[in-house]
Amino acid sequence: MAHGSGDAQTAVQVAFAALVASRGLDDERAVLYSDWIRIALGKAARAALEQLMETRGYEFQSEFARKHDALGREKGRAEGKAEGKAESVLGILEERGLSVSTEQRERILTTTDLETLDGWIRKAVRVSSTEALFE
């Protein structure tokens, strides 16, 4: 944790070593330590660690960790889809010259329901104002 916000390369090396060392712990404690390690890293170091784990073919050893890793990836994909759709809504509105207030932008960007976002994409191409998008 002391190295998490320093040099990204050093942080990744220390974090990877800590994760490998935690493999010998019981499932619950290993997942807890893994979570602490990831939280302690800066954004760049966290991304680099995840990339390193993928390129080294690291696989979680316990069923518990594998399950939570898969759920995390699924959640990340869903969040990415929602973010992309929200950006599409904003892009369409802006391309059409419709003004988007700070509150409207925030509402669109924080929406995670994919059906709602799909509906807004379809409406964004034909509404006469951003307010009409939400009606």
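Cβ-Cβ under 8 Å, sequence separation 6+ or interchain: first residue in region 13-37 and over 17 Å from ALA47 (Cβ atoms), partner of a type outside the set (A, V, I, L, M) and open to solvent by less than 60 Å² (accessible area, probe 1.4 Å). Which pairs?
As it stands, the answer is SER22/SER34; ASP27/SER62; ARG29/SER22; ALA30/SER22; ALA30/SER62; VAL31/SER62; TYR33/SER22, since those pairs meet every condition given.
Tell me, which residue of region 121-135 that is farther than 13 Å from GLY84 by Cβ and of a type in the set (A, V, I, L, M, F, W, C) is surrounded by the fewest Cβ atoms within 10 Å (Cβ to Cβ)?
At the first step, the residues of region 121-135 found to be farther than 13 Å from GLY84 by Cβ are 122-135.
Those left that are additionally of a type in the set (A, V, I, L, M, F, W, C): 124-125, 127, 132-134.
Values: ALA124: 22, VAL125: 10, VAL127: 18, ALA132: 12, LEU133: 21, PHE134: 13.
Among those residues, the one meeting the criterion is VAL125.
Of all residues being farther than 19 Å from THR130 by Cβ and in a helix (DSSP H, G or I) in region 84-117, which is most open to solvent (accessible area, probe 1.4 Å)? Just the residue, please. Explain how you work it out, then say what you get.
Our first condition is that a residue be farther than 19 Å from THR130 by Cβ; within region 84-117, this holds for 84, 112, 114-115.
From what's left, in a helix (DSSP H, G or I): 84, 114-115.
On the way: GLY84: 37, LEU114: 58, GLU115: 152 Å².
If we take residues in region 84-117 being farther than 19 Å from THR130 by Cβ and in a helix (DSSP H, G or I), then GLU115 is most open to solvent (accessible area, probe 1.4 Å).
The values are calculated or read from the model by the stated rules, or taken from the named source; none is laboratory data. Quantities reported herein were computed from a predicted structural model and do not represent experimental measurements. In this analysis, Cβ positions are derived from the backbone assuming ideal geometry, glycine residues included, and neighbour counts consider all displayed protein chains. Accessible surface is based on the protein model in full, side chains and every heavy atom, while ligands, DNA and RNA are left aside. Shrake-Rupley method; radii C 1.70, N 1.55, O 1.52, S 1.80 Å.
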